[in-house]
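Encoded as structure tokens, the structure appears first; notes follow it.
The values are calculated or read from the model by the stated rules, or taken from the named source; none is laboratory data. The shown structure was predicted, so the numbers you read here are calculated from the model rather than taken from an experiment. In this analysis, Cβ positions are derived from the backbone assuming ideal geometry, glycine residues included, and neighbour counts consider all displayed protein chains. Ligands, DNA and RNA are excluded from the accessible area calculation, which covers all protein heavy atoms including side chains. Shrake-Rupley method; radii C 1.70, N 1.55, O 1.52, S 1.80 Å.
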Amino acid sequence: MAIKIYGVPFSTCTARVVTVLNEKGVDYELVFVNLPNGEHKQPPFLELNPFGQIPVLEDGDLRLFETRAITKYLVYKYKDQGTDLVGIDDPKKVALVNVWAEVEAQHFNGAVAEVVEELLIKPRVLRLPPDEAVVEKHAAKLESVLDVYEERLSKSKYLAGDFFSLADLHHIPYLHTLLRTPKAALVTGRPHVLKWWEDISSRPAWVKTAEGMKFWDAPPPSA
């Protein structure tokens, strides 16, 4: 029985999970959740995730929500298949992956999510103007984080060392969307961050996932 992922392909969180599945070469079924119709807030979906958020993984009788918990489950379940995304046989590598995965979750994600919300989701999905004050506030936070990354990546090919890991992968969907906003220079203006992005975004697993992210390449709808 194939793993089921409940979500939408252009969702950054869904894309994280799908990219891990693609890196691992695991078959899956993507079950579309109709967000505009509020399907994620209805009782059938709330039985899968009581917080009413995507994605949800269903693997036989196991149901998981929270994106990073799902990706870690997949990495360990399929440890002998596809790309080793945690350095599984080396505790030091695992520790470094965990550190930089935490950096993504605690420092990068919140700031980039706010910038993308204002500059991409509001105009293209909600048809609302961005709040420039919110954009600048969180862009400043993101600048500080990416300055740390620039220094780290000047000495290390990837965040956790010399191998592509879950710490890098978790960044890809939001970087993909950030680069479609007027704040793309946060990435393109940092040579080591840009080189890292060009590397990780060229991986076949992500290229395959990105097919579902083309929603963000279309021009915003007219008012």
| remark: With 0.36 nm assigned to each residue of separation and the Cα-Cα distance removed, Phe215 to Asp61 gains 52.2 nm
| field | Charge dipole (debye, nearest 20) of the stretch 105-223; +1 at Cβ of Lys and Arg, -1 at Cβ of Asp and Glu | value | 260 debye
| field | Cα-based shape type of the stretch 11-122, given that a ≥ b ≥ c are square roots of the gyration tensor eigenvalues and the cut on a/c is 1.5 | value | oblate
| Sorted by accessible area with a 1.4 angstrom probe, largest first, how do Lys92, Lys214 fall? | Lys92, Lys214
| query | Mean shadow of the stretch 88-223, computed from the convex hull of its alpha carbons, in nm²? | reply | 8.4 nm²
| request: Treat every Asp and Glu Cβ in the chain as -1 and every Lys and Arg Cβ as +1, leave all other atoms uncharged, and give the resulting dipole magnitude about the Cα centre to the nearest 20 debye. | output: 200 debye
| query | At a 1.4 Å probe, what is the % contribution of carbon and sulfur to the accessible area of the chain? | reply | 55 percent
| query | For the stretch 15-57, what does the alpha-carbon gyration tensor say about shape, rounded, prolate or oblate, given a ≥ b ≥ c as the root eigenvalues, a/c under 1.5 as rounded, and a/b over b/c as prolate? | reply | prolate
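In percent, how large is the relative contact order of the stretch 126-217, given Cα pairs closer than 8 Å and 6 or more residues apart?
Relative contact order for the stretch 126-217 comes out at 27 percent.
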| What number comes out for the charge environment of Ala205, summing +1 per Lys or Arg and -1 per Asp or Glu over other residues with Cβ under 11 Å away? | +2
| remark: Note on the stretch 88-134: C-alpha Rg/Rh, Kirkwood Rh, two decimals, gives 1.30
| request: Would you work out the relative contact order for the chain, in percent, from Cα pairs under 8 angstrom that are 6 or more residues apart? | output: 23 percent
| request: Provide the net charge surrounding Val116, with neighbours chosen by a C-beta distance below 11 Å and charges set as Lys +1, Arg +1, Asp -1, Glu -1. | output: +1
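Considering only the other residues whose Cβ falls under 9 Å of the Cβ of Asn49, what net charge follows from Lys and Arg at +1 and Asp and Glu at -1?
-1
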| note | Given unit charges at Cβ for Lys, Arg (+) and Asp, Glu (-), the dipole magnitude of the stretch 1-114 about its Cα centre in debye, nearest 20, is 120 debye
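Efficiency by 1/(1 + (r/R0)^6): what FRET value for Thr188 and Ala140, r their Cβ-Cβ distance, R0 = 25 Å, to the nearest 0.05?
With R0 = 25 Å, the Cβ-Cβ based efficiency is 0.90.
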| task | Show the residues, 5+ positions off or on another chain, whose built amide H is closer than 5 Å to the amide H of Glu66. | result | none
| Accessible area of Arg63, 1.4 Å probe, to the nearest 10 Å²? | 120 Å²
| request: Would you calculate, for the chain, the mean residue ellipticity at 222 nm contributed by helices, counting each DSSP H stretch of 4 or more residues as -39,500 (n - 2.57) and dividing by all residues, to the nearest 500? | output: -13000 deg cm²/dmol
| Taking N as the number of residues in the stretch 37-92, what is its Cα Rg relative to 2.2 N^0.38 Å? | 1.43
| message | At 1.4 Å probe radius, can you tell me the per residue accessible area of the stretch 126-223 in Å²? | response | 49 Å²
| Considering only protein heavy atoms, what is the solvent-accessible area of Phe10 at a probe of 1.4 Å, reported in Å² to the nearest 10? | 60 Å²
